[in-house]
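Below is one structure, written out as structure tokens, with a few remarks after it.
The values are calculated or read from the model by the stated rules, or taken from the named source; none is laboratory data. Treat the numbers as computed from the prediction; the structure is a model and nothing was measured. FYI the Cβ positions are ideal-geometry reconstructions off the backbone, even for glycines, and counts take in every protein chain you see. Please note that ligands, DNA and RNA were not included when accessible areas were found on the heavy atoms of the full protein model with its side chains. Shrake-Rupley method; radii C 1.70, N 1.55, O 1.52, S 1.80 Å.
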Amino acid sequence: MNRRDFLITAAATQVAVRLTGQTSSARQPACFFSKHLANLNYEQMGQAVSAAGFDGVDLTVRPGGHVLPERVAQDLPRAVETLRANGLSVPMITTELTSATDPNTRAILSTAASLKIPFFKLGYWKYTGNPEVSLRKAKEDVTALTALAKEYGITAGFHNHPRNVGLCGWDGKQVLEGLDPKYIGYYFDANNATEEGGVMGWEVLLRLASPRLKMAAFKDFYWDKVNGKWVGVACPLGQGMVNWTKVFALLAEATFTGPFSVHQEYKPADRMVAARADLEFVRKHLPTAHGA
């Protein structure tokens, strides 16, 4: 076994233990979203994320990301090996895949699967014109992508995102209805759910997602009037409108054990110091929610 294969196997085993909870010390992989470190190369990113105390990286594999789709076969193994050499896992990747016929879809899924990456985030389907037509289109595409995910043994995450199919929960449920829950599930985002669902809508969405919850995104925001227009303003975890006490309680109720990704849409003076603070916020509350 060469060095690369050893690192891949060891890291994959570590991720599997965390995801299945096979040991009492296992915990969900805490990932940092690589989108916020676009100016760093793989080695620099690995050092920064590891120093901030994270377990892994939610790696962008999309146009403009850390791994370009057309170079996934060459660059994803290199990125993963570098991150794993820094003691980090890669339990999930963020893609923009919306079609099984995309020229890069098979290459992305096959390469990720060969590296033992268990999860990937799908792209988005915008609401345009007739909502029912948009919903049917998303259902057709996700069905085909789920079939490919099953072929390669990797699980897709459907992300609830403002202005796109899945934003309100009921529509996302229709998209995933009838599809194999082993290979397609929800990538729940409490921030986005609160932004779209207000006081109660986010909770309904999370309860709908719970039976097949695969991944979670953690970020926060508050509403403010900027130049006469109400906008969502990103902020550190715990300083915004997301009801984290109830979010974590519901995640515990759902026995959620998948990876979570810390997003940092706000712009701190020191990104990694702020990232560590966000991570500490999650780790302080999530074990409590799980009764640890």
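A few points about this structure:
- Spatial offset of segment 37-81 relative to segment 113-133 amounts to 20 Å, using the alpha carbon center of each.
- Highest average first, the peptides 125-137, 87-99 ordered by how many other beta carbon atoms sit within 10 Å of their residues are 87-99, 125-137.
- Debye-formula intensities of segment 124-190, expressed as log10 I(q)/I(0) at q = 0.14, 0.20 Å⁻¹, are -0.37, -0.74 (one equal scatterer per alpha-carbon, no solvent).
- The Rg/Rh ratio of the chain, with Rg taken over Cα atoms and Rh as the Kirkwood radius over Cα pairs, comes to 0.94.
- Computed from point charges on the beta carbon alone (+1 for Lys and Arg, -1 for Asp and Glu), the dipole magnitude for segment 197-291 about its Cα centre is near 140 Debye.
- Kyte-Doolittle at least -0.5, axis length at least 24 Å by Cα - qualifying DSSP helices, the chain: 3-20, 131-152, 271-289
- Residue pairs exceeding 19 angstrom between C-alpha atoms, taken from Lys182/Lys284; Lys139/Lys219; Lys139/Lys173; Lys173/Lys219: Lys182/Lys284; Lys139/Lys219; Lys173/Lys219.
- Per atom type, segment 195-254 shows carbon and sulfur on 52% of its accessible surface, probed at 1.4 Å.
- Ordering of 163-171, 175-183 by packing [mean C-beta count within 10 Å, highest first]: 163-171, 175-183
- Residue of Asn160, Asn227, Asn243 that the Gaussian network model of the chain assigns the largest fluctuation, springs spanning Cα pairs under 10 Å: Asn227
- Once the 1.4 Å probe is applied to the protein heavy atoms, the chain comes out at 45 Å² accessible per residue.
- More than 25 angstrom apart: percent of Cα pairs within segment 36-163: 27
- About its Cα centre, the chain has a charge dipole of approximately 240 debye under the convention of +1 per Lys or Arg Cβ and -1 per Asp or Glu Cβ, with nothing else charged.
- Based on every Cα atom in segment 175-292, Rg and the maximum pairwise Cα distance Dmax equal 14.9, 46 Å.
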